[in-house]
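Engineer: Have a look at the structure that comes next, please.
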Amino acid sequence: MMTMVSGTTLPLDGIRVVDLSRFIAGNMLTVLLADFGADVVKVEDPSKGDSLRELRDDGLSTHWKVYGRNKRSLSLDLRSEQGKAVLLDLVKDADVLVENFKVGTLEKMGIGPNTLLSRNPGLVIVRISGYGQTGAYRDRPGFGSLIEAMSGFAAKNGYADRPPTLPNMALGDMVAGVYGAFATLVAVRHKERGGGGQIIDLSLLEPLLSILGPDPAIYAATGKIPERTGSRSGVVAPRNVYCSKNERYVAVSASTQSMAERLFVAIGQPELIHDARFRSNSDRLKNVDQLDKIIQTWIGGRNRDECLDIFRTAEVTAGQVYDVRQLIEDQHVKTREALIEFPDEHAGTILMHNIVPRLSSTPGALRRAAPELGCDTEAVLAEIGYSVEWIAELANRGVLRPLKMDRNEVDRPED
């Protein structure tokens with residue numbers, strides 16, 4: 001079991017991130033920063049917290065426990081004027097603010113970028129939205145599923161004789177989160193070199209577009225629209241998953257010429273190398289149905305592990321298709337510690353991904369579990385100069401989540 005590490009110096013120590021975002025993209029962005037030492041303060045609604053907490057499995061907030069790790073939670077009612085005042089005090093010495101409200105919401109609340117930057121000219125403001133802060137669709141709700149549909153992903157995913165297929169995970173949000181973490185560090189680096197703060201306009205749409213390949217370039221040059229090809233590739237062949245005799249699947253990607261030839265030898269049909277249907281990648285793409293039938297017949301006559309042993313000996317790029325249960329039990333996943341058991345006060349442990357990526361000199365660390373709603377409110381506000389009495393008064397007024405304290409004297413810090 002992985003133990004929490006405290007007191008370890010991490011590369012992003014000293015960087016404070018005020019995270020107003022909710023749900024997935026913002027949490028993906030900030031967990032990457034938190035894993036490498038950034039002090040991520042989640043500003044959450046006092047009554048219900050981040051909506052990521054609502055995704056439960058058998059009553060357990062698994063998404064929150066995985067993507068809320070290494071963060072602190074501050075409960076704050078941003079609908080109140082006092083809540084907004086607290087936020088402005090909080091960002092005064094912060095490095096980054098992350099938000100994913102509907103476009104224009106911060107401005108309507110009176111805490112838009114101009115106000116934030118006047119309080120802290122060095123602040124990096126990350127604004128996450130579905131379509132961006134500009135453009136014809138800027139005011140539309142930006143759910144990841146809509147972005148995955150519009151981006152072209154769904155149209156090229158799945159099979160030609162079936163409807164377009166959305167991913168069964170929050171792909172658009174996750175990709176945007178990774179891009180957002182990168183952009184944040186670029187902006188912080190600019191600040192460290194003497195520059196000021198700036199606004200990062202992060203849409204869900206554009207990061208997803210960037211990873212879908214050169215489809216726009218291909219269409220502009222040829223007029224061709226990518227077809228849905230299932231597990232096949234529309235660019236190289238053979239590439240597919242094949243069912244073995246014991247009904248386990250084998251993934252094969254013999255996409256280069258040398259690898260295709262190696263595959264033909266491995267399945268005992270070297271004559272296919274000179275077969276006019278399969279001599280080149282272009283030929284194989286034109287005759288992919290026939291090629292897949294040949295490969296499926298060979299794999300279908302053997303158990304999965306037998307196929308994989310033959311392919312490994314022949315140095316053919318092939319592998320097993322896992323479900324999550326099989327993944328967890330895999331010896332490589334275990335010996336590499338790609339997944340770790342992290343202590344959890346409710347479940348005992350939570351199985352989650354390890355720090356990604358791995359740096360040899362400045363690795364990240366798991367310092368703390370995902371926080372309970374508002375559990376760090378007193379500590380965070382004390383760090384920016386709020387007295388115990390004033391914090392208690394703010395809680396009594398409903399600006400903060402109720403605290404375990406009973407103070408009468410109120411002493412608000414001077415601006």
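The values are calculated or read from the model by the stated rules, or taken from the named source; none is laboratory data. In this text the structure is predicted, and so the values were computed from the model without any measurement. Note: ideal-geometry Cβ built from the backbone for every residue, glycine included; neighbour counts use all protein chains shown.
Yes or no, residue by residue, for (1) in contact (Cβ under 8 Å) with a residue 12 or more places away in the chain; (2) assigned to a helix (DSSP H, G or I); (3) of a type in the set (Lys, Arg); (4) crowded, with 21+ Cβ neighbours inside 10 Å:
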{"site": "GLU107", "(1), (2), (3), (4)": "no, yes, no, no"}
{"site": "THR134", "(1), (2), (3), (4)": "yes, no, no, no"}
{"site": "PRO141", "(1), (2), (3), (4)": "yes, no, no, no"}
{"site": "ALA149", "(1), (2), (3), (4)": "yes, yes, no, no"}
{"site": "THR165", "(1), (2), (3), (4)": "yes, no, no, no"}
{"site": "ALA176", "(1), (2), (3), (4)": "yes, yes, no, yes"}
{"site": "ALA183", "(1), (2), (3), (4)": "yes, yes, no, no"}
{"site": "ARG189", "(1), (2), (3), (4)": "no, yes, yes, no"}
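Engineer: Go through the stretch 196-231 residue by residue and tally those that are in the same structural domain as LEU116 (by TED's automatic domain parsing), aliphatic (A, V, I, L, M) and more than 18 Å from ILE147 (Cβ to Cβ).
Structural biologist: Residues flagged as in the same structural domain as LEU116 (by TED's automatic domain parsing), aliphatic (A, V, I, L, M) and more than 18 Å from ILE147 (Cβ to Cβ) within the stretch 196-231 amount to 1.
Engineer: Looking only at the stretch 178-197, which residues are more than 12 Å from VAL98 (Cα to Cα) and not aliphatic (A, V, I, L, M)?
Structural biologist: TYR179, PHE182, ARG189, HIS190, LYS191, GLU192, ARG193, GLY194, GLY195, GLY196, GLY197
Engineer: Additional query: Go through the stretch 285-305 and count every residue that is free of Cβ contacts under 8 Å to residues at least 12 places away in the same chain, surrounded by 14 or more Cβ atoms within 10 Å (Cβ to Cβ) and more than 18 Å from GLN257 (Cα to Cα).
Structural biologist: Total satisfying the criteria: 0.
Engineer: One residue is enough: does the stretch 318-339 have a residue meeting the conditions touching a strand residue (DSSP E or B) at 6+ places or on another chain (Cβ under 7 Å), assigned to a helix (DSSP H, G or I) and buried (at least 16 other Cβ atoms within 10 Å of the Cβ)?
Structural biologist: Checked against the condition, which is being touching a strand residue (DSSP E or B) at 6+ places or on another chain (Cβ under 7 Å), assigned to a helix (DSSP H, G or I) and buried (at least 16 other Cβ atoms within 10 Å of the Cβ), the stretch 318-339 yields no hits at all.
Engineer: Taking the residues in the stretch 221-249 that are in contact (Cβ under 8 Å) with a residue 24 or more places away in the chain and charged (D, E, K, R) as candidates, determine which candidate is nearest to PHE278 (Cα to Cα).
Structural biologist: Ranking the candidates gives ARG232 first.
Engineer: Let me ask another. Can you tell me how many residues within the stretch 231-261 are of a type in the set (Lys, Arg) and surrounded by fewer than 19 Cβ atoms within 10 Å (Cβ to Cβ)?
Structural biologist: Final tally of qualifying residues: 2.
Engineer: Among the residues of the stretch 276-297, write down those that are part of a loop (DSSP other than H, G, I, E, B), under 27 Å from LYS245 (Cα atoms) and not polar (S, T, N, Q).
Structural biologist: Listed by number, the residues that qualify are ARG277, PHE278.
Engineer: Quickly run through the stretch 348-387 and pick out the residues that are outside any loop (DSSP other than H, G, I, E, B) and either out of contact with any helix residue (DSSP H, G or I) (no Cβ under 6 Å at 6 or more places or on another chain) or over 18 Å from LEU90 (Cα atoms) (or both).
Structural biologist: Hits for the stretch 348-387 are GLY348, THR349, ILE350, LEU351, MET352, HIS353, THR377, ALA379, VAL380, ALA382, GLU383.
Engineer: Going by what's in this entry, would GLY7 be described as over 22 Å from the mean Cα position of the chain (by Cα), at positive phi and either modelled with pLDDT under 95 or in a strand (DSSP E or B) (or both)?
Structural biologist: Taking the combined requirement at face value, the residue satisfies it.
Engineer: Which condition breaks for LEU78 when tested against (1) touching a residue at least 60 places away in the same chain (Cβ under 8 Å); (2) outside any strand (DSSP E or B); (3) over 17 Å from the mean Cα position of the chain (by Cα)?
Structural biologist: The number of the failed condition is (1).
Engineer: If you don't mind, there's one more thing I want to ask. Of the residues that make up the stretch 270-289, is at least one closer than 30 Å to GLY177 by Cβ, of a type in the set (A, V, I, L, M, F, W, C) and not assigned by TED's automatic domain parsing to the domain that holds GLY152?
Structural biologist: No.
Engineer: Looking at ARG119, ARG53, ARG79, ARG22 in this structure, which one is within 21 Å of SER203 (Cα to Cα), surrounded by fewer than 24 Cβ atoms within 10 Å (Cβ to Cβ), touching a helix residue (DSSP H, G or I) at 6+ places or on another chain (Cβ under 9 Å) and of a type in the set (Lys, Arg)?
Structural biologist: ARG22
Engineer: Tell me, which helices (runs of 4 or more DSSP H) wholly within the stretch 192-271 include 3 or more residues that are out of contact with any helix residue (DSSP H, G or I) (no Cβ under 9 Å at 6 or more places or on another chain) and small (Gly, Ala, Ser)?
Structural biologist: Once the helices (runs of 4 or more DSSP H) in the stretch 192-271 are filtered for at least 3 residues that are out of contact with any helix residue (DSSP H, G or I) (no Cβ under 9 Å at 6 or more places or on another chain) and small (Gly, Ala, Ser), what remains is 215-222.
Engineer: Could we say that GLY374 is within 30 Å of the chain's Cα centre (by Cα) and not assigned by TED's automatic domain parsing to the domain that holds HIS63 here?
Structural biologist: no
Engineer: Now, a different point. So, in the stretch 306-317, of the ones that are in a loop (DSSP other than H, G, I, E, B) and out of contact with any strand residue (DSSP E or B) (no Cβ under 8 Å at 6 or more places or on another chain), which residue ends up surrounded by the fewest Cβ atoms within 10 Å (Cβ to Cβ)?
Structural biologist: GLU315
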